[in-house]
Amino acid sequence: QVSVEESGGGTVQTGGSLELSCVASGSRFSISTMGWYRRAPGKTRERVAVITYDGRAVYEDSIKGRFTISRERGENAVHMRMDNLRPEDTGVYYCNAADGTSISWGQGTQVTVSS
């Protein structure tokens, strides 16, 4: 059973910054990919950014240039720095971890950007 735990989040004003962190533990296999997803109020969950074990990152178009995902090589922890936040970034942010046999999700952390 893989455990995924997020931390960070909170409330900021438009243009502010936040950092999210996530740690995965308990997998018998290597965690290949970790990522952040979000669910805005009234919308379905969408991918924000994902990163492979060797640091290759993919970003959703609306956050390119504002969010940076990072992961130390070989570590089962991922961080995401969010700058220049906008009200439309508000939502619950979920971390996931894939180890080749399953995908595990955290409980989510709230990010609120006030205008």
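The numbers here are math on the coordinates, done by the rules we state, and not lab data. Owing to the predicted nature of the structure, the values given are computational and were not obtained by experimental measurement. So basically every Cβ, Gly included, is an ideal-geometry build from the backbone, and we count neighbours across all protein chains shown.
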*asked:* Give me a comma-separated list of calculated 3J(HN,Hα) values for region 10-16, in order, Karplus coefficients 6.51, -1.76, 1.60 applied at θ = phi - 60°, integers in Hz, x for any Gly or Pro.
replied: x, 10, 9, 8, 3, x, x
*For region 37-45, just list the computed ³J(HN,Hα) in residue order, Karplus coefficients 6.51, -1.76 and 1.60, θ = phi - 60°, integers in Hz, with x standing in for Gly and Pro.*
10, 9, 10, 7, x, x, 10, 7, 5
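Which value, in debye to the nearest 20, describes the size of the charge dipole of the chain about its Cα centre when Lys and Arg Cβ atoms bear +1, Asp and Glu Cβ atoms bear -1, and nothing else is charged? Could you put the intermediate results ahead of the total?
Values: 13 positive and 13 negative charges, 40 e Å.
With Lys and Arg at +1 and Asp and Glu at -1, about 200 debye.
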*Cα centroid distance between region 1-48 and region 52-79, in Å?*
11 Å
_Vicinal HN-Hα couplings computed from phi for region 27-34 (Karplus, 6.51 cos²θ - 1.76 cosθ + 1.60; Hz; Gly/Pro x)_ = 7, 7, 10, 6, 7, 7, 10, 10
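Express the Stokes-Einstein translational diffusion coefficient of region 38-110 in µm² s⁻¹, to the nearest whole number, given a Kirkwood radius over alpha-carbon pairs, 37 °C and a viscosity of 0.692 mPa s. Intermediate values should be presented prior to the final figure.
On the way: Rh = 13.2 Å.
Calculated translational D: 249 µm²/s.
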